[in-house]
């Protein structure tokens, strides 16, 4: 196959989606396919303008300059070229190739739902609402879609005006480096790396500051657990630098000396963090897939996560569940107390029971291998391309 992957630009600083696009490209290239990756280059974005205008300069590069370049480039490509959009948020570019073979990868519709006022935890301004509507008008022109979870697929179908010609669910694959190991060894490695005594274990959360990651809720659960049960086990918060709100919440905690925000942690130390943890806390409000759940299970870690899709879809029957954090502040305290009870229940498990849970997790994550994901994507790409009919040797669509 000849494949062109549309990717997010690198200049806004996004990491997860460019990483996903690189994985798509390398996976298809390894299977012998010819792959090109197209993304906007910064020009207007590099101009010396006030910081408040940077975003708008980037939009010029993405939605004015780049489409002109795409229209020129596609003229020289055979009609059998499959155009792959690495994310539905690239919807404004879909009309450029809507009449040619294409497929759109869908990760989550949280920004779309927020713009429509469906998620009270994430209010969207009027410009954001217009931007999300612009994205929606674009991907609605698409015919073929691949979603990372059944939850994402269900939301996609709600947003489309009509049933798509093709829609499939293909789960993400977990990096094969994420494997189980000796907890004591990992705790020793992390203790030396970060200068914290982790020899007795710790609780851990892995995630960014996005509203749906619910880092505030993690701190609330930890605080409630320490108050109720008094064990001096630290909490590792691995991800971005904390927001001012998170920093204040941690500093006002009676257990602030045991709360550690760790940034710039490489993948190998994240693996050690999973392996050495007594519990992985992942009480997300929403996700598109919930990668860290599968990563933690692959490393032999006990998982506490939210009892809603897609967290339940990824966790299967291998995680302890907690209801979604409520908006009401009084109820949220009760929620944190419930989380504390679940943590203590996990910590009180016998060695045999804990082993059962971990083995269940290791069995569960066999659904999420990179090899299986890539095989399914290749097969699906070929299937989609096969639905397009071409005339003779002229390679024109009919």
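Miscellaneous remarks
- Number of the exception - residue 122 against (1) part of a helix (DSSP H, G or I); (2) crowded, with 16+ Cβ neighbours inside 10 Å; (3) modelled with pLDDT under 95: (1)
- Looking at 295, 356, 313, 349, just one residue is touching a strand residue (DSSP E or B) at 6+ places or on another chain (Cβ under 9 Å) and either at pLDDT 95 or above or assigned by TED's automatic domain parsing to the domain that holds residue 153 (or both), and that residue is 295.
- Matching residues, region 286-335, being assigned to a helix (DSSP H, G or I) and more than 22 Å from residue 175 (Cβ to Cβ): 312, 329, 330, 331, 332, 333, 334, 335
- Per the listing 28, 17, the residue uniquely part of a helix (DSSP H, G or I), crowded, with 16+ Cβ neighbours inside 10 Å and within 19 Å of the chain's Cα centre (by Cα) is 17.
- Condition check for residue 90: farther than 22 Å from residue 388 by Cα and touching a strand residue (DSSP E or B) at 6+ places or on another chain (Cβ under 6 Å): yes
- Of all the numbered requirements in (1) part of a helix (DSSP H, G or I); (2) closer than 15 Å to residue 221 by Cβ; (3) in contact (Cβ under 8 Å) with a residue 40 or more places away in the chain, residue 345 misses one, and that requirement is (3).
- Test: residue in region 319-335 that is buried (at least 19 other Cβ atoms within 10 Å of the Cβ) and out of contact with any strand residue (DSSP E or B) (no Cβ under 9 Å at 6 or more places or on another chain): no
- Test: residue in region 43-53 that is at pLDDT below 90, in a loop (DSSP other than H, G, I, E, B), closer than 24 Å to residue 208 by Cβ and out of contact with any helix residue (DSSP H, G or I) (no Cβ under 6 Å at 6 or more places or on another chain): no
- Test set (1) under 29 Å from residue 324 (Cβ atoms); (2) in contact with a strand residue (DSSP E or B) (Cβ under 8 Å, 6 or more places away or on another chain) - residue 85 fails condition number: (1)
- Conditions (1) in the same structural domain as residue 302 (by TED's automatic domain parsing); (2) in contact (Cβ under 8 Å) with a residue 60 or more places away in the chain; (3) over 30 Å from residue 119 (Cβ atoms); (4) loosely packed, with under 12 Cβ neighbours inside 10 Å: number failed by residue 362: (4)
- Hey, residue 264 out of contact with any strand residue (DSSP E or B) (no Cβ under 7 Å at 6 or more places or on another chain) and either surrounded by fewer than 18 Cβ atoms within 10 Å (Cβ to Cβ) or not assigned by TED's automatic domain parsing to the domain that holds residue 198 (or both) or not: yes
- Qualifying position, being out of contact with any helix residue (DSSP H, G or I) (no Cβ under 6 Å at 6 or more places or on another chain), in contact (Cβ under 8 Å) with a residue 24 or more places away in the chain and either closer than 22 Å to residue 172 by Cβ or loosely packed, with under 14 Cβ neighbours inside 10 Å (or both), among 33, 8: 33
- Verdict on residue 246 being assigned by TED's automatic domain parsing to the domain that holds residue 200, farther than 19 Å from residue 193 by Cβ, touching a residue at least 12 places away in the same chain (Cβ under 8 Å) and in a helix (DSSP H, G or I): yes
- Taking the criterion of being under 21 Å from residue 288 (Cα atoms), more than 18 Å from the chain's Cα centre (by Cα) and outside any helix (DSSP H, G or I), the only residue of region 86-103 that qualifies is 103.
- Helices (runs of 4 or more DSSP H) fully within region 129-239 that include at least 3 residues being in the same structural domain as residue 375 (by TED's automatic domain parsing), closer than 27 Å to residue 327 by Cα and in contact with a strand residue (DSSP E or B) (Cβ under 7 Å, 6 or more places away or on another chain): 150-159.
- Verdict on residue 355 being touching a helix residue (DSSP H, G or I) at 6+ places or on another chain (Cβ under 9 Å) and either surrounded by fewer than 17 Cβ atoms within 10 Å (Cβ to Cβ) or more than 27 Å from residue 217 (Cα to Cα) (or both): no
- Filter result (crowded, with 22+ Cβ neighbours inside 10 Å and in contact with a helix residue (DSSP H, G or I) (Cβ under 6 Å, 6 or more places away or on another chain)) within region 187-206: 187, 190, 198, 204, 205, 206
- Residue within region 254-261 that is out of contact with any strand residue (DSSP E or B) (no Cβ under 7 Å at 6 or more places or on another chain) and under 30 Å from residue 156 (Cα atoms) present: no
- Per the listing 295, 287, the residue uniquely closer than 27 Å to residue 143 by Cα and crowded, with 17+ Cβ neighbours inside 10 Å is 287.
The values are calculated or read from the model by the stated rules, or taken from the named source; none is laboratory data. These numbers come from a predicted model, not from an experiment. All Cβ positions, glycine included, derive from the backbone under ideal geometry; neighbour counts span all protein chains shown.
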